[in-house]
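Reviewing the structure listed below.
The values are calculated or read from the model by the stated rules, or taken from the named source; none is laboratory data. Please read these numbers as outputs of a predicted model, since none were measured by experiment. Quick reminder, even Gly has a Cβ in these numbers, built from the backbone with ideal geometry, and neighbours come from all protein chains shown.
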């Protein structure tokens, strides 16, 4: 039967095409690594591992030209962890509110509004942070912090405006929806029988959450936080517009800094020669860092099932 | 009965509930503040010229962003042209033939890809497209955006195809329809509205992207002479005007922000309403 054979051929062809397209995703990930390594080979061979721990960054051509990524790694970690410290308690609070406390009619709209936060483009957070939040911090928050907590090394120096604190606060707002929507799904996956058992033993709602729900959800929640961290590490535009883009390694949140993503956005368009290579290598580092974090987070969250809210960063 | 202990426990319970409500409010307040501010500032700066005119040097009146609006549409259109077919076919593979190790690897990679910072995709496309071509172009920008759409489209397609009842596949196959036609004409068609929703969400996301465009499509003060030329976009224009010392350019940035936010939120909200209707209808 020739018709049957044509059909069979079509099936195989179709399957082959689908498989090829699907494999492209894997290939793209590999090619990213190869292409970035290729484009940064000049600094890779010139500095080796010293690039990662090098503290100086001077892109001006000449005898003093030197590239080290440590200030940017530092800036990235500081802003991201500060943002996490601000965002995690709030996000988990939201997740608990939506999953455990809120009545049905409040639940859906609240979740919806929080997820809209994720839809606002990053460059608009930058715009808002620069023109609205920055003056507020300079006038009200920074003076209070340096007055009451100025003896700590974290609040030394004169607040100038574009600094670690401003970038971290805006970052925190941006990663809130990621952490809270993943956490919410994790909490929902906790079996109801556990809740009922705790309540039947006379636990209050909070005691039930603390002793039954949170321990059960622990690894999933850790995954949610790591996903938030991954998002914070790679966030570019808002941070570039707010962090000051000055390579420095200060402990103070009133100092400007630069993150790995922000220095790429800031210097890449005008970069030449070796600076290009150095910036690409920072991109490679960032890629590797987020890759590891994401794999870790997926492994922790995956058993709970599909993640919500992957669409949204902008 | 330990009444004091009970009271304390009740109080702690109330305090925690209050804290959770407060946390939710803390998250909602910035959203309202940001949206409110954009509407006020952007609304004041918005005029017909914004949609019809080209950018002008600071100080001249009647400047607009017509080229950036067209540029953003071009970039998003190209991103869809590259990303949607690829993502849909990858999703078909995962849903229909993906119950093997390759499927697991692809699923994992697509999830990991969703977490790759958008600026890294810009660097990647720069090295792979901009350097060989010798110039920035809308094609490069569209490719960078397509990479960001790909994971969303793939996973949405997979999930929705899996929801299509097997009875439909069996009915088509029993009529002698080959498997590939069954998948394209029966299964994919059934899931098409849902997949469209996923695409709309992905489009909403990439419309607001700036970082991957900075060194792929770059910017352009006038009209682009084709998709192989540097192209303006609303987001890059906002970024540049936000750093401008001139107030009229800052006002333009707010106007662009308003247009962008309206587009992105309308896309988001309509996609979600569509999903809710379909889910409610299925029940």
Checked region B:104-132 for anything within 8 Å of chain A (Cβ to nearest Cβ), without any contact (Cβ under 8 Å) to a residue 12 or more places away in the chain, in a helix (DSSP H, G or I) and closer than 23 Å to residue B:156 by Cβ; matches are B:105, B:108, B:109, B:112, B:120
Note on residue B:252: of the conditions (1) free of Cβ contacts under 8 Å to residues at least 60 places away in the same chain; (2) over 21 Å from the mean Cα position of the chain (by Cα); (3) in a helix (DSSP H, G or I), unmet is (1)
Selection over region B:198-246 where residues are within 11 Å of chain A (Cβ to nearest Cβ) and on the phi < 0 side of the Ramachandran plot yields a count of 31
In region B:176-197, residues that are facing chain A (nearest Cβ under 8 Å) and touching a helix residue (DSSP H, G or I) at 6+ places or on another chain (Cβ under 7 Å) total 4
Kindly indicate whether residue B:117 is assigned by TED's automatic domain parsing to the domain that holds residue B:166, closer than 27 Å to residue B:189 by Cα and modelled with pLDDT under 95.
-> no
Would you check if residue B:91 is assigned to a helix (DSSP H, G or I) and either more than 28 Å from residue B:197 (Cα to Cα) or within 14 Å of another protein chain (Cβ to nearest Cβ) (or both)?
-> yes
Right, residue A:51: within 14 Å of another protein chain (Cβ to nearest Cβ), farther than 30 Å from residue B:22 by Cα and either within 19 Å of the chain's Cα centre (by Cα) or at pLDDT 90 or above (or both) or not?
-> no
Examine region B:196-219 for a residue that is assigned by TED's automatic domain parsing to the domain that holds residue B:69 and closer than 15 Å to residue B:55 by Cβ, and state whether such a residue exists.
-> yes
Select from region A:201-239 the residues that are more than 8 Å from every other protein chain (Cβ to nearest Cβ) and closer than 19 Å to residue A:174 by Cα and list them in ascending order.
-> A:221, A:222, A:223, A:224, A:225, A:226, A:228, A:229, A:232, A:238, A:239
Looking at A:30, A:84, which is the one that is assigned by TED's automatic domain parsing to the domain that holds residue A:180 and either buried (at least 21 other Cβ atoms within 10 Å of the Cβ) or within 30 Å of residue B:98 (Cα to Cα) (or both)?
-> A:84
Find the residue count for region B:220-249, including only residues that are more than 22 Å from residue B:52 (Cβ to Cβ) and without any contact (Cβ under 8 Å) to a residue 12 or more places away in the chain.
-> 3
Among the residues of region A:282-293, is any at the interface with chain B (Cβ under 8 Å from one of its Cβ atoms) and over 16 Å from residue A:29 (Cα atoms)?
-> no
Looking at this structure, is residue A:190 at pLDDT 90 or above and crowded, with 21+ Cβ neighbours inside 10 Å?
-> no
Please enumerate the residues belonging to region B:40-81 that are closer than 30 Å to residue B:153 by Cα, surrounded by fewer than 18 Cβ atoms within 10 Å (Cβ to Cβ) and in contact (Cβ under 8 Å) with a residue 24 or more places away in the chain.
-> B:70, B:77, B:81
Selection from region B:120-157 of residues more than 26 Å from residue A:260 (Cβ to Cβ) and under 17 Å from the mean Cα position of the chain (by Cα) yields B:153, B:154, B:155, B:156, B:157
Go through region A:103-130 and count every residue that is at the interface with chain B (Cβ under 7 Å from one of its Cβ atoms) and outside any helix (DSSP H, G or I).
-> 2
